[in-house]
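Please treat every number below as a calculation from the coordinates, not as lab data. No experiment lies behind these values; they were computed from the predicted model shown. Please note: Cβ atoms are built from the backbone with ideal geometry, for glycine as well, and neighbour counts cover all protein chains shown.
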2 protein chains.
Amino acid sequence: MTTLPMTVPAPGLPARVRVHEVGPRDGLQNEQTVVPTEVKAEFIRRLAAAGLTTVEATSFVHPKWVPQLADAEQLYPLVSGLDARLPVLVPNERGLDRALSLGARHVAVFASATESFAKANLNRTVDEALAMFTPVVARARDEGLTVRGYLSMCFGDPWEGPVPLEQVVRVCRALAGMGCDELSLGDTIGVATPGHVQALIAALGEAGVPASTLAVHFHDTYGQALANTLAALQQGVTTVDASAGGLGGCPYAKSATGNLATEDLVWMLDGLGVETGVDLGLLTATSTWMADRLGRPSPSRTVRALSHKE
Amino acid sequence: MTTLPMTVPAPGLPARVRVHEVGPRDGLQNEQTVVPTEVKAEFIRRLAAAGLTTVEATSFVHPKWVPQLADAEQLYPLVSGLDARLPVLVPNERGLDRALSLGARHVAVFASATESFAKANLNRTVDEALAMFTPVVARARDEGLTVRGYLSMCFGDPWEGPVPLEQVVRVCRALAGMGCDELSLGDTIGVATPGHVQALIAALGEAGVPASTLAVHFHDTYGQALANTLAALQQGVTTVDASAGGLGGCPYAKSATGNLATEDLVWMLDGLGVETGVDLGLLTATSTWMADRLGRPSPSRTVRALSHKE
């Protein structure tokens, strides 16, 4: 039997949160080990079976840039019949063509709040990147797809330092204006703290981008991811990105820059009585299974604690 | 230069928090490595120099029970001249005698909220333990000492499961009634979540034990420690226990049951603009130094991230 927290609701939180699981894409993309396509498919199946209704499956970025996800064409058909939303990343019209040809119904584009990261990640200015995404989002919407806009470096940038709220608001408005259904605010280097999170969400609300259209995407580099998530929930956000087992940052590598672990998030939400539909025991078993495939323990504290008790 | 978070205050938080540093006592007590007395003294000196105003120094428990702290008589005089509060644990009158003979001005007793842990840790019922502490607290107060009451298993117990709020309130009222100046609410097995934390603090307030007399003491077993701390601060708590570098639970051992890392806490409080007086760079350097003495990396995410950048 899985150990579970005692359920004690807190005031001012949503009744239900949608967990946007990014492990198979954002997690595996950053792992050193190359994972066989069938293992990825099994990982996605198990995540869906654990109750995750949104599992970001892969990326249609050019294989040269993300070799770990070069098997997108082979992987997607193996999982497309699952009863879950399976968003895929598309950087440009060519990527969208590939996604559409496989029947994808949910896509995501990825912008940057800072010029330095736009240059480093996309070799474009912020506005050039937005111009590249505009026809992609328009066509995806015409085809009836949902479109998520990722925004990196919303709180700090390794080259530019703290990122002004206005700068983030400007790019968010542009992404919303071109038709993105949902915006995911990324703390790519993990420097955010709860007041900063709440101030950004408030500033977006004042600028016409309501919390109901936002997701938060925190990295645990400085151990702040879950506290920041709590702050975002208190501000009305109901979609939270997380990575099963904390995949995406190796705790034994130079810097533990991993994503928020889905299990640590679900533990908190279970304790708060916030519904997610996720079975923590099945999810933990999935992450333990995946950790075995990767040959190292999960960095999720909940996975470590539960997997040593069962 | 140390990377620092951008400072953005959040409403409803205290202007200042006192960090009660437990690394030299609660941290080292649970480490496998036996640390030489002079290294412990240097650790405490460095922590005070980093701006920590309260550093729990050692324990006057019988050396048979806590061999790692058997050098309390030798250690205390090496640090007693520091400009910081240096509380010491005293389990009984004999321990108080030893602390008084060395000139200690701040002591702590440690009770349990559950019968199972009282039996396991103190070989007494909860009420027998309280009866043992009553004359200790009275004499300490007569001598002009401040007395902290630790309360273990305030949220969950490995044998009993979830712990009812009323049970915790009863023991807290008894500790406050016998003269403890401050009560530290311990989540010894790390199962608490933010709503549970807020409910307990509210219940204590209604029972006449105000948040101003409370400290919170979270373990990061399930990754919840910092989110729980944020919830406690929102409820008016202004004293937080933490362990430099997250000492006290080895991340490579069976279960990562360590204390909240002081650096992860200070990162959050710096970002929130909550004053602590702690210099994060000096503190991180101290924990890196101590990790070298212990022969393993710090489990604090902030320490790992910062120590790889400097």
Tell me the Kirkwood radius of the stretch A:105-237: reciprocal of the mean inverse pair distance over distinct alpha-carbon atoms, in Å.
14.7
P(r) tail fraction, the stretch B:40-122 - alpha-carbon pairs more than 14 Å apart, %:
63
Inter-copy label distances at A:Asn123 (7 Å, Cα→Cβ; nm, one decimal)
7.3
19 Å cut-off, amide nitrogen to a point 7 angstrom out along A:Glu143 Cα→Cβ, residues in the stretch A:39-69:
A:55-63
Whole-angstrom Cα spans of the stretch B:27-170 along principal axes, big to small:
41, 36, 30
With the label 7 angstrom out along Cα to Cβ, how close does B:Arg173 come to the same site in each of the other copies, in nm, nearest first?
5.6
Output the antiparallel fraction of DSSP beta bridges having both residues in chain B, as a percent to the nearest 5.
10
Sparsely packed chymotrypsin sites (Phe, Trp or Tyr not before Pro) within the stretch B:1-69, loop by DSSP, other Cβ within 10 Å at most 14:
B:Trp65
If you rank B:Ser243, A:Ser184 by fewest surrounding Cβ atoms within 10 Å, what's the result?
A:Ser184, B:Ser243
Students often forget the sequence filter, so: which aspartates and glutamates lie under 14 Å Cα-Cα from A:Lys119 once same-chain residues fewer than 8 apart are removed?
A:Asp127, A:Glu128, A:Asp157, A:Glu160
Using a label point 7 Å beyond Cα on the Cα-Cβ vector, give me the inter-copy distances for A:Leu82 in nanometres, one decimal, shortest first.
5.1
In Å and whole numbers, how far do the C-alpha atoms of the protein assembly as shown stretch along each principal axis, longest first?
79, 48, 44
Helical contribution to [θ] at 222 nm, DSSP H n ≥ 4, -39,500 (n - 2.57), averaged over the protein assembly as shown, rounded to 500
-12000 deg cm²/dmol
Which semi-axes, in whole Å and largest first, does the equivalent ellipsoid of chain A have when worked out from the alpha carbon gyration tensor as the square roots of 5 times its eigenvalues?
27, 24, 18
What are the chymotrypsin sites (Phe, Trp or Tyr not before Pro) within the stretch A:121-188 that DSSP puts in a loop, where the Cβ has at most 13 other Cβ atoms within 10 Å?
A:Trp159
Equivalent-ellipsoid semi-axes of the stretch A:1-86, from the Cα gyration tensor, Å, largest first:
29, 14, 13
Rounded to 0.05, the calculated FRET efficiency for the beta carbons of A:Trp65 and B:Trp159 at R₀ = 30 Å is 0.05
When the dipole is taken about the Cα centre of the protein assembly as shown, and only Lys, Arg (+1) and Asp, Glu (-1) are charged at their Cβ, what size is it in debye, to the nearest 20?
480
Beta carbon of chain A nearest to the axis of the rotation taking A to B, residue and angstrom distance
A:Ala227, 2
Taking 0.36 nm per residue of sequence separation and subtracting the Cα-Cα distance, how much length would be gained by fully extending the chain between B:Asp127 and B:Ser80, in nm to one decimal?
13.6 nm
What does the stretch A:186-310 give for Rg and for Dmax, in Å, if only its C-alpha atoms count?
14.9, 48
Looking at chain A, which longest stretch skips every one of the trypsin sites (Lys or Arg not before Pro) that is in a DSSP loop with at most 14 other Cβ atoms within 10 Å, leaving the sites themselves out?
A:65-253
Write down the Å³ per residue value for the convex hull defined by the alpha carbon atoms of the stretch B:267-306.
63
Treating cross-link reach as a plain straight distance, find the aspartates and glutamates whose alpha-carbon is under 15 Å from the alpha-carbon of A:Lys40, omitting any fewer than eight places away in the same chain.
A:Glu21, A:Asp26, A:Glu31, A:Glu56, A:Asp71, A:Glu73, A:Asp292
